[in-house]
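First comes the structure, then the notes that go with it.
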Amino acid sequence: MLENLKEKLTKSQVFRSIFRHGFPDNDMNRAYVVFSNVFLHVHPVKVRRSALRMRYTFCLGGITLFLFIMLSVTGIWLMFYYTPYTGLAYNNIQDLQFVIFGGNLMRDLHRFAAHGMVLFVWLHMTRVFLTGAYKAPREFNWVVGVLLLVMTLILSWTGYLLPWDQLAYWAVTVGTKMASYTPFIGQNGPWGAQLGFLPTNDIMFMLIGGTVVGQNALIRFYVLHCVVLPLFVTIALAVHFWRIRKDGFSGPL
Amino acid sequence: MENKVTREIFPRDARKSYGLVELMKGSNPIVKKEPEDTVYTWPNLIMIELICALLVTAGLIILVQFVHAPLRSLADPSTTPNPMRAPWYFLGLQELLVYFDPWYAGVVLPGMIIVGLMTFPYVDTNPKGVGYYTFSERKFAIFNYSFGFALWWVTIVIGTYLRGLDWQWYWPWSDHLVHMNPALVTLVPLHIVFVNLLHVSKDVGKALCDLLFFAYFAVGMAIPYFLMRKFYDAMGGARYVVFMIFFLSMMGVGLKIVLRLLFNIKYIVVTPWINV
Amino acid sequence: MSTAMSGTGNQDSLKDAATPSDLGRRKFMLAAGWGVVGVTLAGSTYAAYKFMFPPILYEPPTVFKIGHVTEYGLGVDERWKLKGRFWVVRNMRGIYNMISICRHLGCTPNWFPDQKRFRCPCHGSIYDVHGNVRGGPAPRTLWRGQITKDPVDGAVVVNTVVRLDPNPSQTPQGLWVKEKVKEIKPFWLEHSPPPGASCSSNRLLC
């Protein structure tokens, strides 16, 4: 009876329109499941047996990607309660921490997954370096990887401001003040003042939308952290994976 | 082909428009792979990835039972926490800011680190060591990478454990709750050292410093060119110059930190616009 | 193809042959096309750049009425640090204020009365009571804000946006500025010392 229902279901027009193959219990369907699925088709249909041994990649890039996905998911949960307004942001975080069911878990996971992502990007980079995997023809993918590292760091930094606590405020005050020392386009940088840059028109003003870190800085960092940078990271990740498939693996994969 | 199994059975050749196709018995579609050495991605690789993801999730969930994301008091422009520590991955940057002016430590140096990392594949001309772990075949490359990141990790350790109140140097055995008196030594630019030691005028001292600075780069550029010709020839002019600029800058950063910590040198080169 | 491009002249020519004038015209059209693209890109870049600069700001107040000089004792007074982010310093000759923003990277230094030093918790900059740099990475002396007397009630008014920032070049380190360069109007108010104060016990404020 149950078997019959399952048979009916899996043979139905609706099911067949979604999954174009049967259960992957034979070789043909195992191939189908990979190349007919948009998410799985970043993989080749078949891999070398040696690729299953972990001692080459240690899964570091995969863990980094997984942490990014985890950050996106936990970040979206946090966004339901967060208001990018200086009068509310801190209270929202406190609510998440003390009142809202699961809020603390989401916040902790978000924070530590972020630490982990920085660490694993670095570990992954070290692995790629040590195995010489950046050498021709994979040079450009290393460049994309460095861009991803930079974006990871900027994501962490922009995320730091959002709780609007002391750590947030001063990390961002110092960080943006550093921008004001940029040569030629910062008010404090070499040849910045000579070129007419003031606290009200230089690169730091553009970053924080004011002369001191305040409401404009918070909303700017919020937009960068939640929309702009994740979008750029996703695009760069797509290029990164695409190039791995196109250029081939360096090791015994 | 029978006795020697290369990693690439059917080498790709851009000049050929045809490919070698083999028909054999079996139920597996195989492209560009040794027939007997491959397995299906599903479920073999996918399961490994799934287990990896689950382990990471489990690890994180266990971790957050013991440590929690910090939340300090409400942002307050009138009081800075003491000491104000950046997140660990920026501690290296924070420590560099002690040794260099902000335009260099905060803007130019990070920019150079990023661009320098990007140039790796273009300046590393060693064809060996692709696809396996090796130290003996790429000693110099690995030394460079390790040196750069050792600097990064050492500054992180300094920032985490050896810096305390007022961003002073605290040894692990000193009392981290007592404000230390600021060091009585004064930081001096290098040319003042020359003025005091060699009894020359200030301008001559400055000129000596400038000379020293450029001599460092010039000699650094010249030594491998004359003494390690093989190294230069393998790279070619453009790669050599790009690599040496980044290499000497990296070494220079280490040198300046040593000069600061041991001899209290504030600047090497002093100009009306920039000091390094 | 060429007839379609040039429009006139060689209607009967079916070959893709172009006269020199055609080539010149094509070159011009190409340059003009790229020119339009370039101008559009430059224009939108400028517009985006301009968009990021708000012409109106909602920032904390910068002008404070801090009462009479006689309400402040000799030395550094921290009562306005929380509200206005500046210190009031009274010495034997008068009164001035210093903005409590570290000149290095903008943290708020702390005042240590026992050490007679301002010390920044972020990167370890050290300033003395005059705002001169005594250590750490700070590149300039502390700012002094405008300080004037209200013409109506004679109270002292501090404006933290109008700032004195003399070029420090009077020591080998280039980080000290003589007090008389900084004790100028409107960044300093002359006032007689409080009764009973003597130069001998307050060397630094003399």
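The values are calculated or read from the model by the stated rules, or taken from the named source; none is laboratory data. In this text, all values refer to a predicted model and were calculated from it rather than measured experimentally. Cβ coordinates were reconstructed from backbone atoms using ideal geometry, including for glycine residues, and neighbour counts include every protein chain displayed.
Could you list all residues from segment B:120-132 that are surrounded by 19 or more Cβ atoms within 10 Å (Cβ to Cβ) and either of a type in the set (A, V, I, L, M) or modelled with pLDDT of 95 or more (or both)?
Of everything in segment B:120-132, just one residue is surrounded by 19 or more Cβ atoms within 10 Å (Cβ to Cβ) and either of a type in the set (A, V, I, L, M) or modelled with pLDDT of 95 or more (or both), namely B:Val123.
Considering B:Ala207, B:Ala234, which residue is under 28 Å from B:Ser146 (Cβ atoms), in a helix (DSSP H, G or I) and among the small types (Gly, Ala, Ser)?
It is B:Ala234.
Considering only residues that are over 18 Å from the mean Cα position of the chain (by Cα) and among the polar types (S, T, N, Q), look in segment B:50-105 and name the one that is surrounded by the fewest Cβ atoms within 10 Å (Cβ to Cβ).
B:Gln65
Within segment B:111-122, is even one residue facing chain A (nearest Cβ under 8 Å) and either on the phi > 0 side of the Ramachandran plot or in contact with a strand residue (DSSP E or B) (Cβ under 6 Å, 6 or more places away or on another chain) (or both)?
No, the conditions are met nowhere in segment B:111-122.
Report yes if some residue within segment A:137-151 is under 16 Å from B:Trp88 (Cα atoms) and assigned by TED's automatic domain parsing to the domain that holds A:His240; otherwise report no.
Scanning segment A:137-151 turns up at least one residue that is under 16 Å from B:Trp88 (Cα atoms) and assigned by TED's automatic domain parsing to the domain that holds A:His240.
Condition (residue is in contact with a Lys or Arg (Cβ under 7 Å, 6 or more places away or on another chain) and assigned by TED's automatic domain parsing to the domain that holds A:Phe232) applied to segment A:119-130: is it met by at least one residue?
No, there is no match, as no residue in segment A:119-130 is in contact with a Lys or Arg (Cβ under 7 Å, 6 or more places away or on another chain) and assigned by TED's automatic domain parsing to the domain that holds A:Phe232.
Where residues in segment B:153-169 are of a type outside the set (Val, Ile, Thr) and in a helix (DSSP H, G or I), which of them is farthest from the other protein chains (Cβ to nearest Cβ)?
B:Tyr161
If A:Leu119 satisfies every condition in (1) surrounded by fewer than 19 Cβ atoms within 10 Å (Cβ to Cβ); (2) within 16 Å of the chain's Cα centre (by Cα); (3) touching a residue at least 12 places away in the same chain (Cβ under 8 Å) but one, which is the exception?
Looking at each condition in turn, A:Leu119 falls short on (3).
What is the residue count in segment B:193-209 for residues that are surrounded by 15 or more Cβ atoms within 10 Å (Cβ to Cβ) and either touching a residue at least 40 places away in the same chain (Cβ under 8 Å) or within 13 Å of chain C (Cβ to nearest Cβ) (or both)?
6
Restricting the search to segment B:58-79, which residues are assigned to a helix (DSSP H, G or I) and either at the interface with chain A (Cβ under 7 Å from one of its Cβ atoms) or of a type in the set (A, V, I, L, M) (or both)?
Result: B:Ala58, B:Leu60, B:Ile61, B:Ile62, B:Leu63, B:Val64.
Please work out which one of (1) within 30 Å of B:Leu74 (Cβ to Cβ); (2) surrounded by 12 or more Cβ atoms within 10 Å (Cβ to Cβ) is the condition C:His68 fails and give its number.
So C:His68 meets the others, but not (1).
So that you can scan it fast, the table gives a plain yes or no per residue for (1) assigned by TED's automatic domain parsing to the domain that holds C:Cys107; (2) touching a His at 6+ places or on another chain (Cβ under 9 Å); (3) at pLDDT below 85:
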| site | (1), (2), (3) |
| --- | --- |
| C:Leu14 | no, no, yes |
| C:Gly33 | no, no, no |
| C:His68 | yes, no, no |
| C:Glu71 | yes, no, no |
| C:Leu82 | yes, no, no |
| C:Arg85 | yes, no, no |
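Restricting to segment A:158-217, what's the tally of residues that are more than 9 Å from every other protein chain (Cβ to nearest Cβ), part of a loop (DSSP other than H, G, I, E, B) and within 25 Å of the chain's Cα centre (by Cα)?
Result for segment A:158-217: 1.
Only one residue in A:Thr64, A:Thr86 is buried (at least 20 other Cβ atoms within 10 Å of the Cβ), in the same structural domain as A:Val227 (by TED's automatic domain parsing) and either within 23 Å of A:Asp247 (Cβ to Cβ) or polar (S, T, N, Q) (or both). Which one?
Result: A:Thr64 is the single residue among A:Thr64, A:Thr86 that is buried (at least 20 other Cβ atoms within 10 Å of the Cβ), in the same structural domain as A:Val227 (by TED's automatic domain parsing) and either within 23 Å of A:Asp247 (Cβ to Cβ) or polar (S, T, N, Q) (or both).
Please go through segment A:83-96 and pick out each residue that is within 13 Å of chain B (Cβ to nearest Cβ) and either closer than 30 Å to B:Leu50 by Cα or within 21 Å of the chain's Cα centre (by Cα) (or both).
The answer is A:Leu96, and nothing else.
More than 10 Å from chain B (Cβ to nearest Cβ) and at pLDDT below 90: which single residue out of C:Asp114, C:Asp153 fits that description?
Exactly one residue qualifies, and that residue is C:Asp153.
Of everything in segment A:178-204, what is of a type in the set (A, V, I, L, M, F, W, C) and closer than 24 Å to B:Ala86 by Cα? Give them in sequence order.
A:Met178, A:Ala179, A:Ile203, A:Met204
Pick from A:Phe19, A:Phe35, A:Phe39, A:Phe58: which is at positive phi and modelled with pLDDT under 90?
A:Phe58
For residues that are within 20 Å of C:Asp114 (Cβ to Cβ), in contact with a Leu (Cβ under 7 Å, 6 or more places away or on another chain) and assigned to a strand (DSSP E or B), tally how many sit in segment C:64-94.
Going through segment C:64-94 one residue at a time, the tally reaches 2.
Can you run down the residue pairs with Cβ atoms below 6 Å, 6 or more apart or on separate chains, where the first is in segment A:128-141 and more than 7 Å from every other protein chain (Cβ to nearest Cβ) and the partner is surrounded by fewer than 21 Cβ atoms within 10 Å (Cβ to Cβ) and among the basic types (Lys, Arg)?
Listed by first residue and then by second, the contacts come to A:Asn141/A:Arg243.
Got a sec? Which of A:Val73, A:Val33 is more than 10 Å from chain B (Cβ to nearest Cβ) and of a type in the set (A, V, I, L, M)?
A:Val73
Condition first: assigned to a loop (DSSP other than H, G, I, E, B), touching a Phe, Trp or Tyr at 6+ places or on another chain (Cβ under 9 Å) and under 15 Å from C:Trp143 (Cβ atoms). Now tell me which residues in segment C:177-201 satisfy that.
C:Glu183, C:Phe187, C:Trp188
Conditions (1) within 22 Å of B:Met180 (Cβ to Cβ); (2) touching a Cys at 6+ places or on another chain (Cβ under 9 Å); (3) surrounded by 21 or more Cβ atoms within 10 Å (Cβ to Cβ); (4) of a type in the set (Lys, Arg), marked per residue:
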{"residue": "C:His104", "(1), (2), (3), (4)": "yes, yes, yes, no"}
{"residue": "C:Lys116", "(1), (2), (3), (4)": "yes, no, no, yes"}
{"residue": "C:Arg119", "(1), (2), (3), (4)": "yes, no, yes, yes"}
{"residue": "C:Arg140", "(1), (2), (3), (4)": "no, no, no, yes"}
{"residue": "C:Arg144", "(1), (2), (3), (4)": "no, no, yes, yes"}
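Could you list, in sequence order, the residues of segment B:136-152 that are within 8 Å of another protein chain (Cβ to nearest Cβ) and over 14 Å from B:Phe243 (Cα atoms)?
B:Arg138, B:Ile142, B:Phe149
Taking segment C:95-115 on its own, how many of its residues are touching a Phe, Trp or Tyr at 6+ places or on another chain (Cβ under 9 Å) and either assigned to a loop (DSSP other than H, G, I, E, B) or on the phi > 0 side of the Ramachandran plot (or both)?
Qualifying residue count, segment C:95-115: 9.
For segment A:147-156, indicate whether the set of residues that are facing chain B (nearest Cβ under 7 Å), under 20 Å from the mean Cα position of the chain (by Cα), surrounded by fewer than 23 Cβ atoms within 10 Å (Cβ to Cβ) and more than 30 Å from A:Gly248 (Cα to Cα) is non-empty.
yes
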